[in-house]
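Input: a single structure, listed below in structure tokens.
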Amino acid sequence: MIKTEIFTLESHSKNPVVLLHSSLSNGQQWSSLTPSFEDCSAPDLQGYGQNTLPDAASASFSLSDEIQALQGKLYSRPFHLVGHSFGAATALQIARHFPEQVLSLSLFEPVAFHLLPEHHPAIATILDIQTQIDRLLSENRTDAATEFFIDYWNQSGTFKALSDKTRTRFVRGIQKVSMDFCALMNEASGLTELQHIQCPVLLLEGQYSTDTAHAVISALQSIFPDAEKHRLACGHMGPVTHTSLVNPIVSQFIATHKKA
């Protein structure tokens, strides 16, 4: 159970912003967007950046655990919430549990696969990816597991094309990726549990992203029919690789829905 005491960060702004990054990334992902806001928090999620791995065992790790660990990083007053990929799936759960805390919700391809019907083709695809990564990790083939994950969300050869330093950083975080999969696939809530979210919603997706990511966006459109929606000329990592496309839309959306 999530405690309300997670909302402890003070802000003098009426419109603070919280930004949650994707798996294998960190809060610095948003460094080109944060200057747009008077007051913002872009924390490192557990197991990434300067944050440590969760204490929970991989199989029992949950999105609620991730949210609870954000204590001290979420504002005590209502805030605008931005998320990408796993960070966007986490953001959806924050808005679900604490709708009164969220002024607006900006989501780039949340990997909230638990929102899809059990027999949706995307579920089988993601379960296969999860199985492959866990198998490689059980064989201590962390480089191969990381390559498999990175190339799926980008394109074949992406991992090998990275610098040694970047590859090493990604490999260091792959164990948390396995935990992220567990949290996503074990989450029991579905679309019905999101229907009470009343704040303005922005849905963003990349034209060249995966069918699995597009499936979640389509599902969210069904319950947020009034959401602002954009399909951009980028892939799943658009908030990192195509900031010139993504950032202006997010900053304008938040500006439009500022609390007076």
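Structural remarks
- Matching option when the condition is free of Cβ contacts under 8 Å to residues at least 24 places away in the same chain and in contact with a strand residue (DSSP E or B) (Cβ under 7 Å, 6 or more places away or on another chain), among Thr34, Thr52: Thr34
- Within region 7-40, the set of residues being closer than 18 Å to Ala88 by Cβ and of a type in the set (Val, Ile, Thr) comprises Val17, Val18, Thr34.
- Pairs where the first residue, in region 104-130, is outside the structural domain of Asp180 (by TED's automatic domain parsing) and under 17 Å from His230 (Cα atoms) and the second is of a type in the set (Asp, Glu) and crowded, with 17+ Cβ neighbours inside 10 Å, C-beta under 7 Å, 6+ apart: Glu109/Glu205
- Top-ranked residue of region 138-154 - restricted to ones that are touching a Gly at 6+ places or on another chain (Cβ under 9 Å) and farther than 15 Å from Thr168 by Cα, ranked as surrounded by the most Cβ atoms within 10 Å (Cβ to Cβ): Trp153
- Set Val240, Val216, Val250: member being β-branched (Val, Ile, Thr), under 22 Å from Thr125 (Cα atoms) and at pLDDT 95 or above: Val216
- None of Phe113, Phe98 is among the hydrophobic types (A, V, I, L, M, F, W, C) and closer than 24 Å to Ile174 by Cα except Phe113.
- Test result for Ile94, modelled with pLDDT of 95 or more, buried (at least 17 other Cβ atoms within 10 Å of the Cβ) and not assigned by TED's automatic domain parsing to the domain that holds Asn26: no
- Each residue in region 247-260 was checked for being surrounded by 15 or more Cβ atoms within 10 Å (Cβ to Cβ), within 15 Å of Val201 (Cα to Cα) and of a type outside the set (Gly, Ala, Ser), and 5 of them qualify.
- Single match in Pro200, Pro239 (criterion: assigned by TED's automatic domain parsing to the domain that holds Ser58, within 20 Å of Tyr48 (Cα to Cα), buried (at least 16 other Cβ atoms within 10 Å of the Cβ) and in contact with a strand residue (DSSP E or B) (Cβ under 6 Å, 6 or more places away or on another chain)): Pro239
- The residues listed here are Arg172, Arg167; of these, the one that is in a helix (DSSP H, G or I) and either in the same structural domain as Arg231 (by TED's automatic domain parsing) or surrounded by fewer than 16 Cβ atoms within 10 Å (Cβ to Cβ) (or both) is Arg172.
- Screening region 194-209 for residues that are part of a loop (DSSP other than H, G, I, E, B) and either within 15 Å of the chain's Cα centre (by Cα) or touching a residue at least 60 places away in the same chain (Cβ under 8 Å) (or both) and picking the one that is nearest to Val246 (Cα to Cα) gives Ser209.
The values are calculated or read from the model by the stated rules, or taken from the named source; none is laboratory data. Small disclaimer: the values here were computed from a predicted structure and weren't measured. A quick note on method: Cβ atoms are made from the backbone with ideal geometry, for glycine too, and the neighbour counts reach across all protein chains shown.
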